[in-house]
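Student: This is the structure I have questions about; it appears just below.
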Amino acid sequence: MDISKTVSLIFMLLVFATLIQFLVNRLKAILGAKVMKYLPADVLAAFLGILFALMFGIDVFKYFGLSTSIPYVGCLISGLIISAGAPAIHELITSIREQRKALESNKEAN
């Protein structure tokens, strides 16, 4: 497998995971706590991940030269992989924000 293809795949997964995390956060704000009580954020992220994978034809297995005998299975699993990355992206962004706030407070203290 070509290294540029691998980097491209990882970048694409990160972009879609970031997009899904953004959409989940916006939908949580729009739908409110009452609806989110019955529709957990993880389920919403999985739904969006599968939806985007199907819409954009994202199939991680094709990147590795694998194919399935059942259509769309690769896209479904790819969507679940993307949605699993969304919480990690959320934690990364939160960590970056906290670090930035800590640096700003250190600058103000000095």
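Student: Restricting the search to segment 27-81, which residues are of a type in the set (Gly, Ala, Ser) and closer than 17 Å to Leu9 by Cβ? Show your work before the answer.
Tutor: Initially, segment 27-81 is screened for residues of a type in the set (Gly, Ala, Ser), giving 29, 32-33, 41, 45-46, 49, 53, 57, 65, 67, 69, 74, 78-79.
Hits for segment 27-81 are Gly49, Ala53, Gly57, Gly65, Ser67, Gly74, Ser78, Gly79.
Student: Right, next: Any residue in segment 32-50 that is out of contact with any Gly (no Cβ under 9 Å at 6 or more places or on another chain), small (Gly, Ala, Ser) and farther than 18 Å from Gly85 by Cα?
Tutor: Yes.
Student: Could you tell me whether Lys34 is in contact with a helix residue (DSSP H, G or I) (Cβ under 9 Å, 6 or more places away or on another chain), loosely packed, with under 15 Cβ neighbours inside 10 Å and of a type in the set (Lys, Arg)?
Tutor: Working: in contact with a helix residue (DSSP H, G or I) (Cβ under 9 Å, 6 or more places away or on another chain): no; loosely packed, with under 15 Cβ neighbours inside 10 Å: yes; of a type in the set (Lys, Arg): yes.
No.
Student: Of all residues in segment 64-80 being among the small types (Gly, Ala, Ser) and outside any loop (DSSP other than H, G, I, E, B), which is nearest to Ser4 (Cα to Cα)? Walk me through how you get there before you give the answer.
Tutor: Going residue by residue through segment 64-80, those that are among the small types (Gly, Ala, Ser) are 65, 67, 69, 74, 78-79.
Still in the running and outside any loop (DSSP other than H, G, I, E, B): 74, 78-79.
Details: Gly74: 21, Ser78: 19, Gly79: 22 Å.
Residue satisfying both the conditions and the ranking: Ser78.
Student: Sticking with this one: Which residue is nearest to Ala86 (Cα to Cα), if the candidates are limited to segment 17-31 and must be hydrophobic (A, V, I, L, M, F, W, C) and within 10 Å of the chain's Cα centre (by Cα)? Working first, answer last.
Tutor: Going residue by residue through segment 17-31, those that are hydrophobic (A, V, I, L, M, F, W, C) are 17, 19-20, 22-24, 27, 29-31.
Those still in the list that are within 10 Å of the chain's Cα centre (by Cα) too: 17, 19-20, 22-24.
Values: Ala17: 5, Leu19: 8, Ile20: 6, Phe22: 9, Leu23: 10, Val24: 9 Å.
Once the filter is applied, the top-ranked residue is Ala17.
Student: Could you say whether any residue in segment 91-106 is under 17 Å from the mean Cα position of the chain (by Cα), of a type outside the set (D, E, K, R) and surrounded by 18 or more Cβ atoms within 10 Å (Cβ to Cβ)?
Tutor: The answer is no, given that none of the residues of segment 91-106 is under 17 Å from the mean Cα position of the chain (by Cα), of a type outside the set (D, E, K, R) and surrounded by 18 or more Cβ atoms within 10 Å (Cβ to Cβ).
Only the coordinates and a few stated rules stand behind these numbers; no lab work does. Computed from a predicted model, the values in this text were never measured in an experiment. With ideal geometry, Cβ positions are generated from the backbone for all residues, glycine too; neighbour counts draw on all protein chains shown.
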